[in-house]
Amino acid sequence: MSETFAQGLMISAIGMGLVFAALAGLWALIAGLGRLRMPVRLRETEEDLTVLAELQTDEAALPPAVDEMAAVAAVLAMLRAEQEVEAGLRRRQPPVLTRWAAVGYGRQLTSWQPPRGRDQD
């Protein structure tokens with residue numbers, strides 16, 4: 001084995017080792033940050049019964065009022081009209097073809113090989 005070949009192998013091994021060491025370091029950093037930012041588990045927290053009692057009510061949910069339903073219907077109608085206008089604009093817009101792109105497409109379509117079957121003089 002020649003000296004330059006052995007040197008090349010050593011440099012490659014050192015470089016690959018550094019790359020994998022950096023990847024392992026990043027993995028350790030991400031894992032450490034993930035453990036620090038983990039949410040507190042529910043089993044470890046003490047439940048406050050007064051808060052739970054306030055959240056639980058025996059009252060039935062009231063149906064939405066007529067005014068609320070009318071407002072929701074108006075917003076949905078406006079949203080649908082807006083989406084239809086945007087879809088119509090997308091259909092009417094011509095595809096963008098500049099002179100630069102047209103010349104490029106034309107060059108792609110022309111044959112770069114000389115014609116076959118003709119005698120070259």
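Suppose each label sits 7 Å from its Cα in the direction of the beta carbon; what would the R99-A71 distance come out to in nanometres?
It works out to 5.6 nm between the two label points.
Each label point is 7 Å from the Cα along the Cα-to-Cβ direction; what then is the distance between the points at V19 and Q56, in nm?
Inter-label distance under the simple model: 6.0 nm.
Where a number appears in this text, it was derived from the coordinates with a stated rule and is not lab data. Since this is a predicted model, take the numbers as computed values, not measurements. FYI the Cβ positions are ideal-geometry reconstructions off the backbone, even for glycines, and counts take in every protein chain you see.
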